[in-house]
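Visitor: Sharing a structure with you now.
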Amino acid sequence: MLLFEIITPRVERSETPKAVKIEIFNAMKRPAVYTTLIFALLIASACEKDFEELNRNPFYPTQTDIGPLFNTAVNSLRLGWNEQFYMHNETLYGLTQQAALTAATFQNINIGTEEAWSSYYSALAHIREIEDRLDAMEVEPEALYNARAMVKILLAYKTFRLTDLFGDIPFFDAGKGFQSLEYARPKFDSQEEIYKYQLDELKWAAEHIDASLNPTTPSGKPYVTFGTFDNLFNGDMALWRRFANALRLRHAIRMADKDPAYAGPIIKDILENSLPLIRDGEDVLMVPAAQDWRNESVNWSFREHKKLRMGTTAWRQLSANDNTDGSGIFDPRAYIFFETNNAGEWAPFPQIPEPGTPPSGGIPYQQHRDTNYPVKGTSNIYSPFNYYLIRDEKDVPEIILTAAEVHFLKAEAYLRGLGVGVDEGEAEGEYTLGVVASIQFWQDVMANCGIWENKSPILTQGEIFAITNHPRVSIFTAEDKLEHIYAQRWLDAFRQPWEAYALARRTGLTPHEGAPIGHYRFPYPPSEAENNADNWAAQVSKMVEDSERVKVWWMP
């Protein structure tokens, strides 16, 4: 790939007309609101002229033309090319110590933050448009409950992701540029307000979803649906409800140390009332093959970046010793996450390298390995990420939330007494189930990947449970039970470095060498300072400085 392409935003392929592609590309350099206006125009031009007729007779068909808009919003859950390159590979993997950055390369973090920022606000414009269309429909309120709930859940997930990366962001007035020019430059809202609003929205969504087969209003009219345009759960409203409650649990626990009076009742409501949560085998994923797209961005971000390798921090969570033949490996996820160096040895890069530590080179992520797999380059002296994990374009999913994470969240709540009474036995049980669910999940990723060769043996559930008794894993005899929970949740989030980043910032207890993490947020993208100058300046004045040293609201 040309250097020019590396240092400028990568635009994903689409069917968008060429002129619109250029405008969208240029919009990435402008504030969120301008992107909002552009997408509002796209939405307006794409609307069918007979929408008013649909409003007059909303029950035939019950699949509305809002479906394509909703599908676009779901598709926005896919990770961005530059987000992965600059935010994940260049920054977060090293910060979280889930991997080792063997050399600082590009340091163009702004390219990644611009993409994450513009992607969110483009999707927000679509979601605001969907909300407006739902408001305009002349139907019984109940007929819209499921559709509204799905939109609220989707928006909550995306908003939590962005605010967790940046802190305060424009939200309540954002994404409304198509309504009025007064929203052209939206003010920043506090993360606390955004968090509490979204948690309330998720509660409404979970409580108002009707998961019956063909729900009807009190007068017998069918619910409005997005039909086949729900590419996340394929219309399974029970899964949407489980996802809503799982997000409530995740983010209530995230803010529990900051505002226990607010978070505690949410956690209590979910756990004591046994509200439905994502269960084993129901992981929330973006799967290219199932959703008819090709994930070309992951391998691009690795083969162009080149510098990520297994670090000593991750290695010590997976192997009992440093034997290069791998004889100390006790956790099968080692074979799924990483592979040997060019010499066939397990060799982690020092997480905190000494001066003179040899650099890592080679070509472990280049696509020549499709047909010449063993060749990683003689200078590839440290273990890289598993080639197939980052090469596959169809079967390896992008992860939103796993069932294992739900187990670890419950384990932390019971061990710490967050919203519920302390119950070590319940915590130990949930932790153990979480480890098993995580190993099974990652084994399934490997097993279901069509291009993956040299697969490691698939362990039975009994063999996996035996791993939970390993001295490095077992929680039953551990003095640092909480750190065990955090370590396993950190491992499970191997391909969610933004989640590991949140856990490390919140707890300071994830596996690490050296001092705990001291990077607390990402600076706002330059386009916001350039084009939303007054509101950006007011926000920075409130923060004192727009830097990674400023803690986000929920950090203790």
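The values are calculated or read from the model by the stated rules, or taken from the named source; none is laboratory data. Given the structure is predicted, the values throughout are model-derived calculations rather than measurements. Cβ coordinates were reconstructed from backbone atoms using ideal geometry, including for glycine residues, and neighbour counts include every protein chain displayed.
Visitor: Only one of these conditions is not met by residue 421: (1) of a type outside the set (A, V, I, L, M, F, W, C); (2) outside any helix (DSSP H, G or I); (3) under 24 Å from residue 153 (Cβ atoms); (4) without any contact (Cβ under 8 Å) to a residue 60 or more places away in the chain. Which number is it?
Guide: (3)
Visitor: Across the stretch 238-269, what is the number of residues that are free of Cβ contacts under 8 Å to residues at least 60 places away in the same chain and among the aliphatic types (A, V, I, L, M)?
Guide: Total satisfying the criteria: 3.
Visitor: Right, residue 532: at pLDDT 95 or above and either farther than 27 Å from residue 83 by Cβ or acidic (Asp, Glu) (or both) or not?
Guide: Spelling it out, it is not the case that residue 532 is at pLDDT 95 or above and either farther than 27 Å from residue 83 by Cβ or acidic (Asp, Glu) (or both).
Visitor: With respect to residue 334, determine if the residue is touching a Ser or Thr at 6+ places or on another chain (Cβ under 7 Å), in a helix (DSSP H, G or I) and under 24 Å from residue 470 (Cβ atoms).
Guide: Spelling it out, residue 334 is indeed touching a Ser or Thr at 6+ places or on another chain (Cβ under 7 Å), in a helix (DSSP H, G or I) and under 24 Å from residue 470 (Cβ atoms).
Visitor: Looking only at helices (runs of 4 or more DSSP H) that fall completely inside the stretch 83-188, which ones have 2 or more residues that are touching a residue at least 40 places away in the same chain (Cβ under 8 Å) and more than 17 Å from the chain's Cα centre (by Cα)?
Guide: Fully inside the stretch 83-188 and qualifying: 109-136, 145-166.
Visitor: Restricting to the stretch 204-232, name every residue that is in contact with a helix residue (DSSP H, G or I) (Cβ under 8 Å, 6 or more places away or on another chain), surrounded by fewer than 18 Cβ atoms within 10 Å (Cβ to Cβ) and within 30 Å of residue 167 (Cα to Cα).
Guide: Of everything in the stretch 204-232, those that are in contact with a helix residue (DSSP H, G or I) (Cβ under 8 Å, 6 or more places away or on another chain), surrounded by fewer than 18 Cβ atoms within 10 Å (Cβ to Cβ) and within 30 Å of residue 167 (Cα to Cα) turn out to be 204, 208.
Visitor: Within the stretch 291-306, track down each residue that is outside any loop (DSSP other than H, G, I, E, B), closer than 16 Å to residue 395 by Cα and either of a type in the set (S, T, N, Q) or without any contact (Cβ under 8 Å) to a residue 12 or more places away in the chain (or both).
Guide: Within the stretch 291-306, the first condition is being outside any loop (DSSP other than H, G, I, E, B), and the residues that meet it are 291, 297-305.
Within this subset, residues satisfying the condition of being closer than 16 Å to residue 395 by Cα are 291, 297-299.
If the condition is that a residue be outside any loop (DSSP other than H, G, I, E, B), closer than 16 Å to residue 395 by Cα and either of a type in the set (S, T, N, Q) or without any contact (Cβ under 8 Å) to a residue 12 or more places away in the chain (or both), then 291, 297, 299 are the ones that fit.
Here's the yes/no breakdown for (1) buried (at least 20 other Cβ atoms within 10 Å of the Cβ); (2) outside any loop (DSSP other than H, G, I, E, B); (3) without any contact (Cβ under 8 Å) to a residue 60 or more places away in the chain:
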| position | (1), (2), (3) |
| --- | --- |
| 407 | yes, yes, yes |
| 415 | yes, yes, no |
| 437 | yes, yes, no |
| 443 | yes, yes, no |
| 451 | no, no, no |
| 472 | no, no, no |
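Visitor: Any residue that is farther than 24 Å from residue 556 by Cα and in a loop (DSSP other than H, G, I, E, B) - is there at least one of those in the stretch 253-263?
Guide: The answer is no, given that none of the residues of the stretch 253-263 is farther than 24 Å from residue 556 by Cα and in a loop (DSSP other than H, G, I, E, B).
Visitor: Also, quick follow-up: Of the numbered conditions (1) crowded, with 17+ Cβ neighbours inside 10 Å; (2) closer than 23 Å to residue 486 by Cβ; (3) in contact (Cβ under 8 Å) with a residue 24 or more places away in the chain, residue 334 satisfies every one except a single condition; which is it?
Guide: Only one criterion in (1) crowded, with 17+ Cβ neighbours inside 10 Å; (2) closer than 23 Å to residue 486 by Cβ; (3) in contact (Cβ under 8 Å) with a residue 24 or more places away in the chain is unmet by residue 334, namely (3).
Visitor: Can you tell me which residues in the stretch 231-252 are outside any helix (DSSP H, G or I) and of a type in the set (Gly, Ala, Ser)?
Guide: Step one: filter the stretch 231-252 for residues outside any helix (DSSP H, G or I), giving 231-236.
Correct list: 235 only.
Visitor: Specify the residue that is farthest from residue 548 (Cα to Cα); the eligible residues are those in the stretch 175-184 that are buried (at least 17 other Cβ atoms within 10 Å of the Cβ) and touching a helix residue (DSSP H, G or I) at 6+ places or on another chain (Cβ under 6 Å).
Guide: Residues of the stretch 175-184 buried (at least 17 other Cβ atoms within 10 Å of the Cβ): 175-178, 183.
Now drop any that are not touching a helix residue (DSSP H, G or I) at 6+ places or on another chain (Cβ under 6 Å), which leaves 175-178.
On the way: 175: 26, 176: 29, 177: 29, 178: 33 Å.
For the stretch 175-184, the residue satisfying everything is 178.
Yes/no per residue for (1) in a helix (DSSP H, G or I); (2) farther than 16 Å from residue 112 by Cβ:
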residue	(1), (2)
520	no, yes
523	no, no
534	yes, yes
537	yes, yes
540	yes, yes
549	no, yes
552	no, yes
556	no, yes
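Visitor: Right, another one. Look at the stretch 453-470 and say how many of its residues are part of a loop (DSSP other than H, G, I, E, B) and among the charged types (D, E, K, R).
Guide: Of the residues in the stretch 453-470, 2 are part of a loop (DSSP other than H, G, I, E, B) and among the charged types (D, E, K, R).
Visitor: For the stretch 277-295, does any single residue satisfy the condition of being over 23 Å from the mean Cα position of the chain (by Cα) and crowded, with 21+ Cβ neighbours inside 10 Å?
Guide: At the first step, the residues of the stretch 277-295 found to be over 23 Å from the mean Cα position of the chain (by Cα) are none.
Checked against the condition, which is being over 23 Å from the mean Cα position of the chain (by Cα) and crowded, with 21+ Cβ neighbours inside 10 Å, the stretch 277-295 yields no hits at all.
Visitor: Keeping to the stretch 492-510, report how many residues are surrounded by fewer than 23 Cβ atoms within 10 Å (Cβ to Cβ) and more than 24 Å from residue 396 (Cβ to Cβ).
Guide: Of the residues in the stretch 492-510, 4 are surrounded by fewer than 23 Cβ atoms within 10 Å (Cβ to Cβ) and more than 24 Å from residue 396 (Cβ to Cβ).
Visitor: Does the stretch 483-491 contain any residue that is under 30 Å from residue 315 (Cα atoms) and loosely packed, with under 13 Cβ neighbours inside 10 Å?
Guide: So far as the stretch 483-491 goes, no, none of its residues is under 30 Å from residue 315 (Cα atoms) and loosely packed, with under 13 Cβ neighbours inside 10 Å.
Visitor: Could you list all residues from the stretch 233-253 that are surrounded by 22 or more Cβ atoms within 10 Å (Cβ to Cβ), farther than 28 Å from residue 292 by Cβ and charged (D, E, K, R)?
Guide: 248
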